[in-house]
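The values are calculated or read from the model by the stated rules, or taken from the named source; none is laboratory data. Source: prediction; values computed, not measured. Heads up, the Cβs are rebuilt from the backbone with ideal geometry, glycines too, and the neighbour counts pull from every protein chain shown. Accessible surface areas use protein heavy atoms only, side chains included; no ligands, DNA or RNA. Shrake-Rupley method; radii C 1.70, N 1.55, O 1.52, S 1.80 Å.
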Amino acid sequence: MLERRIKVNVERQNFELQEGIYTQSYEVPVMDGMMVLDALNYIRDEIDSTLAFRWSCRMGICGSCGMTVDEQPRLTCQDNLNEYSDEISVAPLNNFPVIRDLVVDIDDFMQKKLPSVSPWLIRKEEAPLDEGEYLQSPAEMAKYADNSACINCMLCYSACPVYDMEPNFVGPAAMALAQRYNLDSRDQGSGARYSVLSGPDALWDCTFVGECSVACPKGVNPAEAIQRAKVEAAQRWAKSIIMPWSQK
Ligand code: SF4
Ligand code: FES
């Protein structure tokens, strides 16, 4: 049987060498079950060790292998080459500065946007340790379970036209994660989160295009989480006018 080969056109850049952006093509033999990430690893191991890209788990867990494949944001360790014909293009994720080749800089998300929404459980008063865990029923957990599947892969930011136009936009994953904690029965910090979410560059800048949810490889639905948060934010605002003493 003839071996199938695929042509992989990789967008490359290395600012240290001041080469500009260019496309380099590689021929890769394809075996059944190979993912786009496997093709890149083949290139680096067998053809060109200078190609830079990021990955870790190969299991769709670490979130580090996001790239643009045939113009779409994809998690490359989960992107089967059987779904493509004889040629593919691989480029860095859109909307992020490129460090080198396929490696993008996500510091703005990790150091500013994500911490800005306090994505952790906040308690006004911690219960004493000898009282045990904060218990939760399966129904309570189901309220936020989908949003908790986020792996910070940045595909939703790459797909988001608002983030493309407004780099200060808090963005889909951070707001979906804010909702993950707002909906958690053990949390008491939604007031602080909503003051960020209702402020500039957050909920009200989302135009509900929905591409974030289409791009998400983990079944998170940031578009829906943001629209639900808008409803809650509007109710909180109305309540703050009518009953200012009731705000948490
Ligand atoms: S919401 Fe989905 S696409 Fe966005 S960072 Fe999380 S896992 Fe990735
Ligand atoms: S390598 Fe970890 S998600 Fe792809």
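Amide H contacts under 5 Å for Val30: Arg4, Arg5, Ile6, restricted to partners 5 or more places along the chain or on a different chain, H placed in the peptide plane at 1.01 Å from N. Per residue of the chain, the DSSP helices (runs of n ≥ 4 H) give a summed -39500 (n - 2.57) that works out to -7500 deg cm²/dmol at 222 nm.
If the only charges are +1 at each Lys and Arg Cβ and -1 at each Asp and Glu Cβ, what is the size of the charge dipole of the range 55-106 around the Cα centre, to the nearest 20 debye? The partial results should precede the final answer.
Details: 3 positive and 8 negative charges, 63 e Å.
About 300 debye.
Would you mind telling me the share, in percent, of accessible area of the range 4-104 contributed by carbon and sulfur at probe 1.4 angstrom?
Values: 2330 of 5150 Å².
After summing per-atom areas, the C and S share lands at 45 percent.
Once all protein chains are placed together, Phe169 keeps about 0 Å² accessible to a 1.4 angstrom probe.
Taking the square roots of 5 times each eigenvalue of the Cα gyration tensor of the range 4-104, largest first, gives ellipsoid semi-axes of 20, 16, 12 Å.
Helix 222-242 and the long axis of the chain differ in direction by around 20°, with both axes built from C-alpha atoms. Could you work out how far helix 172-182 tilts from the main Cα principal axis of the chain, as a 0 to 90 degree angle to the nearest 10? Roughly 30 degrees, rounded to the nearest 10. Taking every alpha-carbon pair under 8 Å whose residues sit at least 6 apart, the range 136-248 reaches a relative contact order of 31 percent. Think of the chain as a dipole: +1 on every Lys or Arg Cβ, -1 on every Asp or Glu Cβ, centred on the Cα centre; then among Ile47, Gln179, Gly66, Gln179 lies furthest on the positive end.
The heavy atoms of Ser185 present about 60 square angstrom of accessible area, all protein chains included, probe 1.4 Å.
Sorting Asp48, Asp107 by solvent-accessible area of protein heavy atoms yields Asp107, Asp48, largest first, with a 1.4 Å probe.
Once the 1.4 Å probe is applied to the protein heavy atoms, the chain comes out at 55 Å² accessible per residue. Taking the chain as a Gaussian network of alpha-carbon nodes connected by springs under 10 Å, the highest mean-square fluctuation of the residues Asp32, Asp79, Asp101 belongs to Asp32.
The charge dipole of the chain, taken about its Cα centre with unit charges on the Cβ of Lys, Arg, Asp and Glu (plus for the first two, minus for the last two), comes to roughly 1000 debye. If both residues of a DSSP beta bridge must be in the chain, then about 80% of such bridges are antiparallel. Using only the Cα atoms of the range 136-194, build the gyration tensor, take square roots of its eigenvalues as a ≥ b ≥ c, and label the shape rounded, prolate or oblate: rounded if a/c is under 1.5, else prolate if a/b is larger than b/c, else oblate. Oblate, because a/c is 1.5 or more while a/b does not exceed b/c. When the GluC sites (Glu not before Pro) in the range 68-129 are filtered for DSSP coil states and for at most 16 other beta-carbon atoms within 10 Å of their beta-carbon, the remaining sites are Glu71, Glu125, Glu126. About its Cα centre, the range 107-246 has a charge dipole of approximately 300 debye under the convention of +1 per Lys or Arg Cβ and -1 per Asp or Glu Cβ, with nothing else charged.
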